[in-house]
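The values are calculated or read from the model by the stated rules, or taken from the named source; none is laboratory data. Please read all numbers here as calculations on a predicted model, not as lab measurements. Because the Cβ atoms are built from the backbone with ideal geometry, glycine has one as well, and the counts that use them run over all protein chains shown.
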Amino acid sequence: MINASKRRKAAGMQSKKLKPPPYSKPIFAARRAGLVPKHGLGHVTIVFDWRPTYLRNLPFVVMPSDKSPKDFDWSFCRGLQVVIVHLDKHDDLVPDLLRALYAAGVRHVRIAHIDRMARDDIHAWAQIKWLVPTP
């Protein structure tokens, strides 16, 4: 059986070590120790570019909008419920983040669209359940 790094090398792909997203080091450390973050809105909340003060007591990470979600290691989200909090200007970034999260094995994702909440839009919240095809 060929391991993943040998498959990447055979396919001409370089294997690079991904770094964790900003503010995720405490969550990574807890997950390595076998702990699961306290469930608030979700186990982990992901925000774009800003550090919301109202999440001060909840585990959160920042997804920089000038980077690709593929550039980060999301493995700490495996098996967890995640909430993505974003604004109108981040709409185009959410699909790539969803793909990266589900590739990492996230269990469930909720999306909170702050600008839509401010407009009293009934579509401000979304729940995404990813169906992974079985081989």
Mind listing just one residue for me: the one in region 81-100 that is more than 10 Å from the chain's Cα centre (by Cα) and aliphatic (A, V, I, L, M) and, of those, surrounded by the most Cβ atoms within 10 Å (Cβ to Cβ)? V85
Lone unmet requirement of (1) of a type in the set (V, I, T); (2) surrounded by fewer than 13 Cβ atoms within 10 Å (Cβ to Cβ); (3) modelled with pLDDT of 90 or more for T134: (3)
Filtered residues of region 14-33 (kept if under 12 Å from F72 (Cβ atoms) and outside any strand (DSSP E or B)): K16, K17, L18, P20, P21, P22, Y23, S24, F28
Please tell me if T45 is among the polar types (S, T, N, Q), surrounded by 13 or more Cβ atoms within 10 Å (Cβ to Cβ) and at pLDDT below 90. yes
